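Trainee: I am attaching a structure below and will ask some questions about it afterwards.
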Amino acid sequence: MPSSQRAENHSSATLLAEVRALAAASGFDLFGVVDAARFDACQPPDQRVARVLSQCGAVIVLGTSGARLDDHTVRLGIDHMNERLRQARVRALVASRCQQRLSFPRLADAAGFGTVSPVTGLLLHPEFGPWVRVHDALLVQGRPFGVVADASISDGFQPCCRCDGQPCMETRVDSLDDPATSCPVGAKHRSPDSPLQWPMPMPMSPVTRFAVSALRLVPNLLRFRR
């Protein structure tokens, strides 16, 4: 490998390590980098990061588990990371978690934070289950971190497919309560102080709840007719 390429790789790794350290110092214990092109290839056109920032090459995804971070701490931490990128002449755009054009659970999935439940749409962390919070992301122009490896763990982590009874579905059918409260994954971390992930799935409408309830009766009716 030419010395110039080794130096470039070292510089990329150093910059990423410094940004990661700033994130950790600000309280973000979940940190991941997503290749923008790979992510966009799996998203509908209206939810691609390139629509928010053209020539976006990487996305820094930030999250927390355990203690909740207040908004001031979040903003200050992101400002420190953005300033370090500016010093390296790297343009980055802060994408708010309220940004309707991006799916933050799927960004977190791609960053290796967990997997998006096919039942509830919640992000499930292997240890903390749904008791995590995905904060704002940094859309980074170009590829200042070099090649970004695929960090997703969803191929090997699919807890909903092995979940007995899927109690979260009972919650969604019987009430408008948050389905996270009944998820068995990471149940020991459930507490009033646990972070609340964003965005939360929309509760089922009365018509949808009735339809799901009716579908649950079908197997019993079939058994009765036998």
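Only the coordinates and a few stated rules stand behind these numbers; no lab work does. Note that the structure is predicted; figures quoted are calculated from it, not measured. Heads up, the Cβs are rebuilt from the backbone with ideal geometry, glycines too, and the neighbour counts pull from every protein chain shown.
Trainee: As an exercise, use a Förster radius of 22 Å and the Cβ-Cβ distance of Ala13 and Ser54 to find the FRET efficiency, rounded to the nearest 0.05.
Mentor: According to the calculation, E is roughly 0.25.
Trainee: Same structure, new question: Could you list Cys161, Cys168 in order of exposure, starting from the residue whose Cβ has the fewest other Cβ atoms within 10 Å?
Mentor: Ascending number of Cβ neighbours within 10 Å: Cys161, Cys168.
Trainee: Moving to a separate point now. So for each of 148-154, 101-107 I average, over its residues, the number of other beta carbons within 10 Å; can you give me the resulting order with the highest mean first?
Mentor: Taking the mean over residues of other Cβ atoms within 10 Å, the ranking is 101-107, 148-154.
Trainee: By how many nm would the segment from Ala37 to Asp155 lengthen if fully extended, with 0.36 nm per residue of separation less the alpha-carbon distance?
Mentor: Length gained between Ala37 and Asp155: 40.5 nm.
Trainee: What ranking do Glu83, Glu18 get, fewest neighbouring Cβ atoms within 10 angstrom at the top?
Mentor: With the fewest neighbours first, Glu83, Glu18 line up as Glu83, Glu18.
Trainee: Now for a separate question. Order of 133-142, 46-55 by packing, highest average Cβ count within 10 Å first?
Mentor: Going by the mean number of other Cβ atoms within 10 Å, highest first, we get 133-142, 46-55.
Trainee: Related question: With the crude spin-label approximation of a point 7 Å out along Cα→Cβ, what separation in nm comes out for Glu83 versus Asp71?
Mentor: With each label point 7 Å from Cα toward Cβ, the separation is 2.2 nm.
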